[in-house]
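Heads up: the structure comes next, in C-alpha cells.
Bear in mind that the values in this text are calculations on the coordinates, not laboratory data. Note that the structure is a prediction, hence the values are computed from the model and not measured. Glycine also receives a Cβ, built like all others from the backbone with ideal geometry; neighbour counts cover every protein chain displayed.
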Amino acid sequence: MTIMKVGVIGAGQMGSGIAHVVALAGYDVAITDIDKEAVDRALSAIDRNMERQVGRGLVTAADKAAALKRIGYAHGYEALADCDLVIEAAIEDESVKRKIFADLCPKLKPGAIIASNTSSISITRLASITKRPERFIGMHFMNPVPIMQLVELIRGIATEDDTFATSRVFVESLGKTIAVSEDFPAFIVNRILLPMINEAVYTLYEGVGTVEAIDKAMKLGANHPMGPLELADFIGLDTCLSVMQVLYEGLADSKYRPCPLLVKYVEAGWLGRKTQRGFYDYRGEKPVPTR
C-alpha cells in the first residue's frame, strides 16, 4: 500500500510535531482536534519551528512554504475519509483513545491504516476496539518530533505483515530511524526512561537531594543532556504518571509503583512546562526549583 495522505488526531505538542515532519516529507496532512483553537496554535507552532529550521539551513524557504500548504484542518473524522494513514496523538489516557478509535473507524476507507502514538498502552488492546485490528499499529514518535530521530514501531497480535511493512517504509521516508518493540507495557524507551525519572522523584521525596542537586548530579555525573526532573517537566508529569501506572498495573511489580510525590504534583495540576509549574516554576525569567 502507498501512503499519500495522512490524518493526525490531536493538535498538541506531539500531534503538531508529527504533522510538521510528515508535511516536510511531502505528504498531504489533515489535522483535527476537539478544540479548533488548538489546531490554530499547532499551525502557528509548525510555522515557527519550520522557520527555525530555515534559519539553521536544515530546510529551504521553498520547502517550508510547500510543506505548510500541505497541512489542512480537518473538521471532524469525516474529513479523514480519504486518508491512507491516520495517526492518533491524543492524551495518554486509554479511555480517551478507545473513544477516538470507536468513533473514527466507521469514517475511514477500508484499507486505511490506523496508528497510535501511545507511549505505553497495549497496541493489541487498542486495536481490539476497532474493526480492523490487522490494519492497526503502534507508531511512537519521540518528543520533540522534528528533532528526535527515533520512532518505535509496535505490532499488535493481529497486525498484518503488510501493515507493518507499509508503516516501516512510511516512517523511514520521514528520515527517522526505527526501533521495533514487542507489545509490552511502555515498549522500550519508556520501559527504561520512566522508571529512572520515577526513581529521581523518589530521591527527591526521601530527601536524598534537592531538585537542583538531583538534576546537576545526573547532568554532570552521568553526562545526561537534561536532568531527570527537568525532563519530567518537559514530558509532562501527567504523562509520566500515566506511563508508570501502565507499568505498575501491567507488570504487577512493586518496583514500578509511582512515587507519591509525583501523584501529589499531578493532583495539584503542576504538570511541568505546559502548566508553568512542576518540579520547576517557569513563570519568571528563569526556571526556579519548587523543592
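Below, the figures for the structure above:
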| item | result |
| --- | --- |
| Full-stretch length increase - Lys107, Arg168 - with 0.36 nm per residue and alpha-carbon distance subtracted | 19.5 nm |
| Spacing of the two label points (7 Å from each Cα toward its C-beta) at Ala62 and Ile34, in nm | 4.3 nm |
| Rounded to 5, percent antiparallel among DSSP beta bridges of the chain | 25 percent |
| When each of Lys64/Lys274; Lys97/Lys286; Lys64/Lys219; Lys99/Lys286; Lys219/Lys255 is checked by Cα-Cα distance, pairs over 30 Å | Lys97/Lys286; Lys64/Lys219; Lys99/Lys286 |
| Label-to-label distance, nm, for residues given as Glu249 and Ser95 (7 Å Cα→Cβ offset) | 1.0 nm |
| Pair Ala79, Arg125: separation of 7 Å Cα→Cβ label points (nm) | 3.2 nm |
| log₁₀ of I(q)/I(0) at q = 0.19, 0.20, 0.22 Å⁻¹ - segment 194-289, Debye sum with one point per alpha carbon | -0.86, -0.95, -1.13 |
| Cβ-based net charge around Ala127, under 13 Å, with every Lys or Arg adding one and every Asp or Glu removing one | +2 |
| For the chain, with +1 on Lys and Arg beta carbons and -1 on Asp and Glu, the positive-most of Ile113, Ile87, Asn49 along the dipole | Asn49 |
| Point-charge dipole on Cβ atoms (K/R +1, D/E -1) for the chain, about Cα centre, debye to 20 | 360 debye |
| Cα radius of gyration and Dmax for segment 22-181 (Å) | 15.6, 45 |
| Volume per residue of the C-alpha convex hull in the chain, rounded to whole Å³ | 134 Å³ |
| Cα Rg over Rh - segment 1-95, Kirkwood | 0.97 |
| Peptides 2-13, 220-231 ordered by average Cβ neighbours within 10 Å, highest first | 2-13, 220-231 |
| Full-extension gain in nm, Tyr202 to Glu182, via 0.36 nm per residue minus C-alpha separation | 4.3 nm |
| Contour excess over end-to-end distance, with Cα ends at Glu285 and Phe234 and 0.36 nm allotted per residue | 16.7 nm |
